[in-house]
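Report on the structure given below.
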Amino acid sequence: MRSPRRDERGSAILEFAIVSPVLFAIFLGLIAFCVVIGAENEVSNGVRDGARLGIINVTCADSYSGSPNQGHDDCPEESNSPNYTAISNAVKATAGSLAHVTGVSVRCVDGTDTSLATKLCNSSITPGVDLIEVKVTWTPPVSSVYFVGGTKTELSRMLIAGLPTLSS
Amino acid sequence: MAGEQGAALIEFAILAPVLLLLVFVTIDVGRVFRVQEQLKNAAWEAANYAQYYPWAQGSNGHCQAPNTMDWHAQQEGGHTDFVVTANPSASALATCPTANPEAANGAFAPFASGNNITVTVSAPNFKLLTTLAMNILPWLAPKASVTVKIQ
């Protein structure tokens, strides 16, 4: 006949075998969650770094998304290039280590009404009224079961530099 | 043997809520940090506007979007449910002028050039997973303030 002690030891090992996968799943899930939160913060900072560049260099701004841009005459450093990438580079410089940045689009926004209509980033821009918008699409670094359909977007809109004046 | 099994079950029943609470609190802390960051960004953008137009507050009732710091705060990250308050408040003003009166006196005295204005942004729609915690401890509700000098 077996002693009760042997029985107990066996059940402890069995219990650990049952519980440990659950515990590990929770533990790994928490780590994955933290990494995604960290990546989100990184993108949030990156998108504003891009917008900050945009508000002081607005006539160079709206070309990265591939749309035709009227402002390149004022953008000598890129000399009418359709690929003005300074804003995109600024975003990626900050948001590159945790998050996978899959796209950066930049546009100017009419600040005189609330519909957020697109405006060309050229001399028609009124500093202090119109906004610049930088939008980033990205995916979290953890391609795990915890985050299905991982593409996320993050955007920042900032007042284009200059003394603001009220519209109307 | 049968008695021991029951003891383990009871032990688990006692520990499970505690473990789950720990997990949810950990997740909530991360979420609060995230919203805090968004609120801070929104507050900076509102304050940037407020240093030139400190009275352009939604609570004024006369200043309408997009000519309010509220709107600029909300559009920064596209969070239209963010709520903006400012100190000094413009709620008592009867007008929304397009420029600060030269002699900032009367109701406009608090908005004189050189004064400070503090813009506070909160997210009333943000709910914790451990919702009860916010009911017991209201100061857990995330908010962010930025103070700038009126130009």
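In table form, for the structure just shown:
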{"quantity": "Odd one out for residue B:105 among (1) in contact with a strand residue (DSSP E or B) (Cβ under 7 Å, 6 or more places away or on another chain); (2) more than 30 Å from residue A:49 (Cβ to Cβ)", "calculated": "(1)"}
{"quantity": "Residue within segment B:6-16 that is of a type in the set (A, V, I, L, M), part of a helix (DSSP H, G or I) and closer than 30 Å to residue A:35 by Cβ present", "calculated": "yes"}
{"quantity": "Any hit, segment B:12-29, residues being within 13 Å of another protein chain (Cβ to nearest Cβ) and under 18 Å from the mean Cα position of the chain (by Cα)", "calculated": "yes"}
{"quantity": "Of the criteria (1) part of a loop (DSSP other than H, G, I, E, B); (2) at pLDDT below 85; (3) in contact with a strand residue (DSSP E or B) (Cβ under 7 Å, 6 or more places away or on another chain), which one residue A:83 fails", "calculated": "(3)"}
{"quantity": "Subset tally (residues that are more than 16 Å from residue A:157 (Cβ to Cβ) and within 20 Å of the chain's Cα centre (by Cα)) for segment A:98-124", "calculated": "6"}
{"quantity": "Unique residue being at pLDDT below 90, away from every other protein chain (no Cβ under 13 Å), part of a helix (DSSP H, G or I) and surrounded by 21 or more Cβ atoms within 10 Å (Cβ to Cβ) when the list is A:61, A:39, A:17", "calculated": "A:61"}
{"quantity": "Residue match in segment B:40-61 (condition: surrounded by 18 or more Cβ atoms within 10 Å (Cβ to Cβ), among the acidic types (Asp, Glu) and either more than 25 Å from residue A:47 (Cβ to Cβ) or out of contact with any His (no Cβ under 6 Å at 6 or more places or on another chain) (or both))", "calculated": "no"}
{"quantity": "Residue tally, condition among the aromatic types (Phe, Trp, Tyr) and in contact with a Leu (Cβ under 9 Å, 6 or more places away or on another chain), over segment B:10-34", "calculated": "1"}
{"quantity": "Failed condition for residue B:93, given (1) away from chain A (no Cβ under 12 Å); (2) part of a loop (DSSP other than H, G, I, E, B); (3) free of Cβ contacts under 8 Å to residues at least 24 places away in the same chain", "calculated": "(3)"}
{"quantity": "Pair list, Cβ < 7 Å and 6+ apart or interchain, from segment B:35-56 residues that are facing chain A (nearest Cβ under 7 Å) and closer than 14 Å to residue A:156 by Cβ to residues that are surrounded by 20 or more Cβ atoms within 10 Å (Cβ to Cβ) and charged (D, E, K, R)", "calculated": "B:41/A:48; B:41/B:76; B:45/B:76"}
{"quantity": "Number of the exception - residue B:32 against (1) more than 12 Å from the chain's Cα centre (by Cα); (2) touching a residue at least 24 places away in the same chain (Cβ under 8 Å); (3) surrounded by fewer than 24 Cβ atoms within 10 Å (Cβ to Cβ); (4) within 11 Å of chain A (Cβ to nearest Cβ)", "calculated": "(1)"}
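Listed here are the residues, each with its yes/no results for (1) farther than 30 Å from residue A:135 by Cβ; (2) buried (at least 16 other Cβ atoms within 10 Å of the Cβ).
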position: B:85; (1), (2): no, yes
position: B:88; (1), (2): yes, yes
position: B:97; (1), (2): yes, no
position: B:105; (1), (2): yes, no
position: B:109; (1), (2): yes, no
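The values are calculated or read from the model by the stated rules, or taken from the named source; none is laboratory data. Model, not experiment: these values are computed from the prediction. Note: ideal-geometry Cβ built from the backbone for every residue, glycine included; neighbour counts use all protein chains shown.
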